[in-house]
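The values are calculated or read from the model by the stated rules, or taken from the named source; none is laboratory data. Treat the numbers as computed from the prediction; the structure is a model and nothing was measured. Virtual Cβ from ideal backbone geometry, glycine too; neighbours counted across all protein chains shown.
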Amino acid sequence: MADNETRDIFIVGLRNAHAMESQALSIMKPQLSRIENYPEVAEMLQRHITETEGQIRRIEESLTGLNEDHSRLKVMALSLTGSMAALGHTVAGDEILKNSFANFAFENFEISA
């Protein structure tokens, strides 16, 4: 594989990771604002948000170092779907469980990606 092809694949992967981390924030931040009866969960979620913000910064630094930028379209699209997913759980009587399951699945998706 040519060096340019390898670089292009790497850049696409970084852009995808950036958009995915942005989507994670769009899911977790609304959840945090709604957690009232579960302070331990809120604390863990806040730590995860802080970690995710750090991951976004590191990805942006990597892209900048390669004279590239993140994909605003991917960020916008995935953030919108993340917000819609978070909103969908707010009407459920077991919102905390649905959010926990969704977060667990999303975290494992991040790991595999």
Pair list, Cβ under 8 Å, 6 or more apart: the stretch 3-19 residue without any contact (Cβ under 8 Å) to a residue 40 or more places away in the chain, other residue in a helix (DSSP H, G or I) and among the hydrophobic types (A, V, I, L, M, F, W, C): none
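For the stretch 86-100, give me each residue that is at pLDDT 75 or above and surrounded by 12 or more Cβ atoms within 10 Å (Cβ to Cβ).
As a first pass, look at the stretch 86-100 and keep what is at pLDDT 75 or above: 93-100.
Across the stretch 86-100, the qualifying residues are Glu95, Ile96, Lys98, Asn99, Ser100.
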Qualifying residue in the stretch 54-66 (condition: exposed (fewer than 13 other Cβ atoms within 10 Å of the Cβ), over 22 Å from Leu97 (Cα atoms), among the charged types (D, E, K, R) and more than 14 Å from the chain's Cα centre (by Cα)): yes
Number of the condition not met by Gln31 [criteria: (1) touching a residue at least 24 places away in the same chain (Cβ under 8 Å); (2) farther than 27 Å from Gly93 by Cβ]: (2)
Subset of the stretch 7-33 [in contact with a Ser or Thr (Cβ under 7 Å, 6 or more places away or on another chain) and either loosely packed, with under 14 Cβ neighbours inside 10 Å or farther than 17 Å from Ala86 by Cα (or both)]: Leu14, Arg15
